[in-house]
Amino acid sequence: MIRVREVIVCEGRYDKDTLSQAVDAVIIETGGFAVFNDREKLTLLRRLAAARGLIILTDSDGAGFQIRAYLKGAIDPALVKHAYIPDVPGRERRKKSASKAGTLGVEGMDPETLIAALRRAGATFEGEAAGCRTEALSGADMYALGLAGTQGSAARRAALLRAVGLPERLHGPALRDVLGALYTREELARMLERLEEGRD
């Protein structure tokens, strides 16, 4: 089993169970929205972030993004990496109906998808060199690539996010940070070109 140095933060116990089958890591649950009022847990997460770094891996739905945003504002961003699961339609086996978003959460992902999400976030895997890239993208870059502020940018963004396995809800500064950590401007331009050619 792959060992991850950083502490992984997820929403609940089913997410934790699924992650535990994919990686060997310290995994902390937020208890969903309970983390908003849990000072002790927040203090613990700050200490763990300072000691080992955190990777936040929440569901790609509205609740997951709210929890992620809260933690992003409460913990030193230099100590936090963000892992995102793709939008995969379906429902978890234990649930009678699909989520409001109609997509699987962390608990519904297979180990390969979770490991890929952690790898994209720049997780430190024991025995491997760190894979984190840091090419900052600016608002001007996003505009030049046609991903923001242009006619059709929302559709272009959605197509790119689907193609690279990131949630379509990802936008704004978080989207710039994630794309900059994963791809160079040139790689993004080539991917977008291929997507445009595929539509013809």
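Bear in mind that the values in this text are calculations on the coordinates, not laboratory data. The model shown is predicted, which means the values in this text are computed figures rather than measured ones. Note that we place each Cβ from the backbone using ideal geometry, even for glycine, and neighbour counts take in every protein chain shown.
Rounded to the nearest 5, the antiparallel percentage of DSSP beta bridges internal to the range 2-121 is 10%. Among beta bridges identified by DSSP and lying wholly in the chain, the antiparallel ones come to about 15 percent. Over the range 2-121, the alpha carbon radius of gyration divided by the compact-protein estimate 2.2 N^0.38 Å works out to 0.99. Taking a ≥ b ≥ c as the square roots of the eigenvalues of the alpha carbon gyration tensor, the range 139-199 is rounded, as a/c is under 1.5. Rounded to the nearest 20, the Cβ-based charge dipole of the range 46-200 about its Cα centre (Lys and Arg +1, Asp and Glu -1) stands at 640 debye.
Rounded to the nearest angstrom and listed largest first, the equivalent-ellipsoid semi-axes of the chain from its Cα gyration tensor are 28, 20, 17. Note: relative contact order over the chain, using C-alpha pairs below 8 Å and six or more positions apart, is 20 percent.
With R₀ set to 25 Å, the beta-carbon distance separating Lys100 from Arg3 gives a calculated FRET efficiency near 0.10.
Shape descriptor for the range 82-200: Rg over Rh equals 1.00 (Cα atoms; Rh from the Kirkwood inverse mean 1/r). Ranking Leu44, Ile2, Gly108 by how far each Cα lies toward the positive end of the dipole of the range 2-121 (charges on Cβ) leaves Leu44 at the top. Proximity of backbone amide H atoms, modeled 1.01 Å from N, is registered between Val26 and Ile8 at under 5 Å, excluding neighbours fewer than 5 places apart on the same chain.
Around the Cα centre of the range 1-131, unit charges on the Cβ atoms of Lys, Arg, Asp and Glu (plus for the first two, minus for the last two) sum to a dipole of about 260 debye.
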